[in-house]
Amino acid sequence: MIKYRLYGAGLALTLALSASATWAQGEKASTAVFTPTSALGAYGVGPIWEAADGPLPPAEGAEVKYQFDPLHPFAGLKTASEWANLFKRTAKVDPNDPFHNLTPFEWWSAPPPLPSAWRGAWANAVRKGTSFKDYYDTLKGTAGDGFTAEARSPYAFTTAEEHYNAWLKAAKGGTKHTLATLPDWTGDWRDPPQANGFPIVLVRDFWQAVSDAYKPRYELQLQAELEGRHWWPADSCVPESFTASGRFLVVTPTMILMNSTGQYQRDRYVFTDGRGFLPPDLGISQWLGESQGFWDGDELVVWTKNIKANTRGHGAPENSDQLEVIERYKKIGNEMLVDVTWYDPLAFKFPLHGTSIQTKAPDAVQAWKSTFVTLNECVSTNLVYHDAQGLLADFAIGDPRYHDLFDQTPWTTVFKKAEKAKLEGKIPAAPSFLSFKGVSTLPADPSTVE
């Protein structure tokens, strides 16, 4: 019996850092119709697909005509994985893939025997006299062990507002719940590793999805992670990019609290009382944006905007401050199915789409005890300190400890500094992994990358 292990192209840092892990278009014309089984389970972590489980998903890049109602996408679902499997794809190893058939997870932390960039593999190679090309050639992936997903949204909507309003109209203005009729969702819901609603795809799939304007920025990030000089939100005590794995839900008739703790506090308030968004002059960007939603029977729909530009790193691309997100939640059995569509016309070529299947922690108290201690996010922006005389002082511009509070994309600033240091011979001058010509395929002056 043939078996395939699905590891997927997820983004997971399973040590004491962050669990990290980012589409709508018209339906593609196609004659191929795929009826999935539920064998793949949750994103990125198995279980095994066996031949007896039915046909494999369509091939990567295949044109698939989905059979669900886009206005009532969860109608008739019996299991959460039935939905997730609609977007699975088989993938083949491409010898010409400039990203070496790697998943985002493998890009920075490939499992043995491959070298782990995150653990200093490039620095070790330099000490041994190994060229960057030879080092990069040791990183060869297996195309997600034969599986990826469709990153492009299956919906015909072009904006988050259009998407939200269509679902609101289909729900006839939304269901007005009372405490007695609300679904019981209270509890600590956890994503499996590598799954938080962002597409679980290969690095090459993300490259195709990133806009031309943001490709140089994505290349900077990928180059940095190959060289072991990553910039990840948790390193700087800032929240991860929108939607982090897992959340504790508190549900009321007018608001849902989504709380996730870790190295920082991540609180989202989803208002379902019809108040709408803040006026434009008050709607400033926030790490997790501002959210409004409505109930469609026992399903929750959420629209979030005013999200700060951020990057999850770990092989995945960044989002701009134009990102808006549509989520749909439904509890099926003991699982929470989450469908997520990412609209960012600045950073992405098309709306992105991902799915997550969450399970409720059986022991909420024990889950709470095992959660990382929450740190104060103020650490990332505080420029004030007490000097040796016990007097208040602050870090000035030019001090390496200085934080530019107005730098909206500090990761790009860090990457550009390193590229400049490579040009000046201060750190090993690894060439671009895309061309192997010179130090980089990027402009000679990295500061020109916007």
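The values are calculated or read from the model by the stated rules, or taken from the named source; none is laboratory data. Fair warning: this is a prediction, and the values are worked out from it, not measured in the lab. Virtual Cβ from ideal backbone geometry, glycine too; neighbours counted across all protein chains shown.
Where residues in region 398-418 are assigned to a helix (DSSP H, G or I) and hydroxyl-bearing (Ser, Thr, Tyr), which of them is nearest to the chain's Cα centre (by Cα)?
Looking at residues that are assigned to a helix (DSSP H, G or I) and hydroxyl-bearing (Ser, Thr, Tyr), I get Thr412.
Go through region 232-241 residue by residue and tally those that are among the charged types (D, E, K, R) and either at pLDDT 75 or above or in a loop (DSSP other than H, G, I, E, B) (or both).
The initial filter retains those residues of region 232-241 that are among the charged types (D, E, K, R), namely 235, 240.
Okay, now just the ones that are also either at pLDDT 75 or above or in a loop (DSSP other than H, G, I, E, B) (or both), so 240.
Residues meeting the conditions: 1.
Only one of these conditions is not met by Lys330: (1) modelled with pLDDT of 95 or more; (2) under 22 Å from Trp107 (Cβ atoms). Which number is it?
(2)
Please indicate, with yes or no, whether at least one residue in region 167-174 is in contact with a strand residue (DSSP E or B) (Cβ under 7 Å, 6 or more places away or on another chain) and over 19 Å from Tyr343 (Cβ atoms).
Scanning region 167-174 turns up at least one residue that is in contact with a strand residue (DSSP E or B) (Cβ under 7 Å, 6 or more places away or on another chain) and over 19 Å from Tyr343 (Cβ atoms).
Would a scan of region 200-220 turn up a residue that is of a type outside the set (Ser, Thr, Tyr) and assigned to a strand (DSSP E or B)?
yes
Regarding Trp185, is this residue among the aromatic types (Phe, Trp, Tyr) and at pLDDT below 90?
no
Can you tell me which residues in region 120-162 are of a type in the set (A, V, I, L, M, F, W, C), in contact with a Gly (Cβ under 9 Å, 6 or more places away or on another chain) and in a helix (DSSP H, G or I)?
Residues satisfying the conditions are Ala121, Trp122, Ala123.
Could you check region 286-328 and list, in sequence order, the residues that are aromatic (Phe, Trp, Tyr), in contact with a Pro (Cβ under 9 Å, 6 or more places away or on another chain) and part of a strand (DSSP E or B)?
Within region 286-328, Trp295 is the sole residue that qualifies.
Hey, could you check region 155-190 for residues that are over 23 Å from Leu249 (Cβ atoms) and β-branched (Val, Ile, Thr) and say which is surrounded by the most Cβ atoms within 10 Å (Cβ to Cβ)?
If we take residues in region 155-190 being over 23 Å from Leu249 (Cβ atoms) and β-branched (Val, Ile, Thr), then Thr158 is surrounded by the most Cβ atoms within 10 Å (Cβ to Cβ).
Across region 383-419, what is the total count of residues that are exposed (fewer than 10 other Cβ atoms within 10 Å of the Cβ) and more than 23 Å from Lys308 (Cβ to Cβ)?
10
Filter region 164-187 for residues that are within 16 Å of Val302 (Cβ to Cβ) and of a type in the set (S, T, N, Q) and give the result.
Answer for region 164-187, where residues must be within 16 Å of Val302 (Cβ to Cβ) and of a type in the set (S, T, N, Q): Asn165, Thr175.
How many residues are modelled with pLDDT of 75 or more and of a type in the set (Ser, Thr, Tyr) when one looks only at region 242-271?
3
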